[in-house]
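Everything on this sheet refers to the single structure shown next.
The values are calculated or read from the model by the stated rules, or taken from the named source; none is laboratory data. Since the model is a prediction, treat every value here as computed from it, not as a measurement. Because the Cβ atoms are built from the backbone with ideal geometry, glycine has one as well, and the counts that use them run over all protein chains shown.
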Amino acid sequence: MFQPLEKKRYSDSIVELIKAKIIQENLKIGTRLPSEVDLSQEFGVSRSVIRESLRILEISGLVNIKKGPSGGIFVSNVYYKPIKDSLSNMIQSGELTTDHLFNARMLIEPHIAREAAQHATKNDLKALQKLMTDSEAHLDDPVRLRRNNLDFHLLLARASGNPVLTLLLESIFELMVERFLDFWNLDFEQHFFEVHKNIFQVIKEKKPDEAGRLIEEDILDLRKQVKAHRRRK
């Protein structure tokens, strides 16, 4: 699968070769790559060098390493991971707060909603409708609703047609789930599902200004709910 290395910059060279293989051959998400042992033999280097290369690729979001009997090395596309990790470090150092994240969302998401209202394709609308239908069928499941409510925003970002906005939003959302959205409340999730239904309706009706306004209200409402929860903790 890979040619043996001729130069001695082992880990960096291996990272670039595997990355090129994934991108140039357009390997699908979930494609299994050769094992650590096989890669070691193909490249003619030690397993410790391969482990270091895979660690770099995993941090970059290009591969996912699973442990256990059904584990292995798989192609991934978690490109937001380095951004999320950097933001997480900033939170730990005190440079970043919850308000910073919400302010960033207020700058990004109304624009996303307006763009989605103008540019959403039939496939985008179909994906959003499927999500709405699934939520409607699981109104008594706060975990399912939470995931769907978050995915709603990400689907809007994809519908905007700008992958940079999707990447930024994925980074922020993963961090918020990890750091701040650490509680489950059925009424809370049902409320936001109803809000999202209204947003979806104006997206379908191609009303960009209304979509932007509703998203702003959605974000402000969530900020209020999160702050109230944190005060009660």
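General remarks:
- Qualifying residue in segment 154-163 (condition: under 14 Å from ILE219 (Cβ atoms) and in a helix (DSSP H, G or I)): yes
- Against the criterion of being more than 14 Å from PRO110 (Cα to Cα) and among the aliphatic types (A, V, I, L, M), LEU186 qualifies.
- Hits in segment 196-218 (condition: under 24 Å from LEU101 (Cβ atoms) and either among the basic types (Lys, Arg) or surrounded by fewer than 18 Cβ atoms within 10 Å (Cβ to Cβ) (or both)): ASN198, ARG213, GLU216, GLU217
- Output for segment 75-93, where each listed residue is touching a residue at least 12 places away in the same chain (Cβ under 8 Å) and more than 17 Å from the chain's Cα centre (by Cα): ILE91
- Among helices (runs of 4 or more DSSP H) entirely within segment 1-111, having at least 1 residues that are touching a strand residue (DSSP E or B) at 6+ places or on another chain (Cβ under 9 Å) singles out 10-24, 36-43, 47-59.
- Beta carbons closer than 7 Å, at least 6 apart along the sequence or on distinct chains, pair a first residue in segment 111-127 that is of a type in the set (Val, Ile, Thr) with a second that is surrounded by 15 or more Cβ atoms within 10 Å (Cβ to Cβ) for ILE112/LEU156; ILE112/ALA157; ILE112/SER160; ILE112/LEU165.
- Odd one out for VAL195, checked against (1) at pLDDT below 90; (2) assigned to a helix (DSSP H, G or I): (1)
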